[in-house]
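Take a look at the structure below.
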Amino acid sequence: MAQGSRQIQSQAQQQIQTLSPQQILVVKLLELPAVELEDRVHAELLENPALEEGKEESTSDETTPAETSEGETEGDTDYDSLSDYLTEDDIPDYKLQENNRSKGEQAEEIPFSDATSFYEILREQLGERNLTEHQRELAEYLIGSLDDDGLLRKSLESIGDELAIYAGINATEEELEEALRIVQDFDPPGLGARSLQECLLIQIRRKKQSHCTDPLLETEEEIISECYEEFTRKHWEKIIKKLGLDEEHFYKALEEITKLNPRPGASLGEAIGRNLQQIVPDFIVDTYDDGTINISLNNRNLPELRMSRDFTEMVEEHTKNKANQSKESKEAMMFLKQKMDAAQGFIDAVKQRQNTLMTTMQAIIDLQRPFFLEGDESLLRPMILKDVAERTGLDISTISRVSNSKYVQTNYGIYPLKFFFSDGYTTEDGEEMSVREIRKILKECIDSEDKKKPLTDDELAEILKEKGYPIARRTVAKYRQQLNIPVARLRK
């Protein structure tokens, strides 16, 4: 009996959920922003002759499911609801955490790419060096291995293996070290570092080349090279004691260190090896004086899709002569049917994507209506993925996929959808406040302070309390750090 129970339990644990090709297609299309969707549709038009541009013809004897009033099709149980097969494993952290905007991101400043990618800029710098062909090959491969921050996260040993397997290039670790030093000499300083510590040291040593007699730079290098662990833990007193430093001199060095760039690859606003495209909003939201808010999808370059009339006629012809079909005719019929099924599936998947996007954006507008009416960032209420999911009836993962890499054009500028997500702060009285709003007020307080006598975190907490934001001193310190604002003694 016990053995039978273990067998049943083992079988239950081995059950997994398998996605159909149609479900996978819906998920992939849902993730695509407007420009990439256009490319995907045009590619499908080229690949599938059963698909063509044009409006679908609506006839009374159609076998396709009827649409509901919300624009969704009835009976498409395989992929009508995404919640059955989307997981939360790939939800970007910013949607679940309080800090939901990338560093330095400004909603009103949407970046547009230069024609030259960061990868090409580094290759140009490589071309200016007098190197052997072997050195050039190694350095170019290292450039292609940098991550979006401009850092090298792979070990030189694994890169050596990759070169041998994929490029047929044999390189010793010493040769790769030499090539990496070449890359680390490129601009901006810090590129090619294998850790944050090395990234900071490269920048400090680069500054020493032009300010070799500056004792402050010597101290900066000592702090990062000899007390890096204490530095990351903000154990300032330990560092001062360990290095025997004057306190004022130490804090001057610390202030300079905090000005260094931990993400040198992001300094040109572009990921390594990629060409950024001009941002095209996925949604257009118009707000009118009477309080009406209109939402539409930006489908300006997206062709309408329908089944090919020629294919439809051929299938009808084959069906009429079904009794007298040869083997070749039956194979042709099977080919036509496969292409038509694929075409209809693609059309349905595009519709499903559009319906889901509209439902999600409408929920965001409903939850953040004051902002869309006024354009005032302080009016944004705390909102997380779960709030939108509950309002739409969709899964959290679906909301995550919709929000990622999508933009909305409003009367006040173009914003990434993730801009509207932020955590909340709940007071002892149970009142919920927007963290974004609190940070804004905090910054205003610090900007207007007397720089000869800057406000301490305790004093800032008291001021915020008077303004109706009763938060603790440690919370003030946390929000101040998130704003990259130093402590009071460093703001003099």
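Overview of results
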quantity	calculated
Residue count for the range 164-207, restricted to those that are aromatic (Phe, Trp, Tyr) and closer than 14 Å to LEU146 by Cβ	1
Among residues of the range 370-392, those that are open to solvent by 10 Å² or more (accessible area, probe 1.4 Å), part of a helix (DSSP H, G or I) and under 19 Å from TYR407 (Cβ atoms), counted	1
Residue match in the range 175-190 (condition: in contact with an Asp or Glu (Cβ under 6 Å, 6 or more places away or on another chain), at pLDDT below 85 and surrounded by 14 or more Cβ atoms within 10 Å (Cβ to Cβ))	no
Number of the condition not met by PHE420 [criteria: (1) open to solvent by 80 Å² or more (accessible area, probe 1.4 Å); (2) modelled with pLDDT of 85 or more; (3) closer than 14 Å to PRO382 by Cα]	(1)
Given (1) open to solvent by 70 Å² or more (accessible area, probe 1.4 Å); (2) over 14 Å from GLN203 (Cα atoms), number of the condition THR258 does not satisfy	(2)
Close pairs (6 angstrom Cβ cut-off, 6 or more residues apart or separate chains): more than 15 Å from ILE257 (Cα to Cα) in the range 480-491, open to solvent by 50 Å² or more (accessible area, probe 1.4 Å) and outside any loop (DSSP other than H, G, I, E, B) anywhere	LEU483/LYS443
Filtered residue count, the range 456-488, keeping only those that are closer than 20 Å to LYS252 by Cα and among the hydroxyl-bearing types (Ser, Thr, Tyr)	1
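The values are calculated or read from the model by the stated rules, or taken from the named source; none is laboratory data. Every value quoted in this text rests on a predicted model; they were computed, and no experiment measured them. Note: ideal-geometry Cβ built from the backbone for every residue, glycine included; neighbour counts use all protein chains shown. Surface accessibility is based on the protein's heavy atoms, side chains included, excluding ligands, DNA and RNA. Shrake-Rupley method; radii C 1.70, N 1.55, O 1.52, S 1.80 Å.
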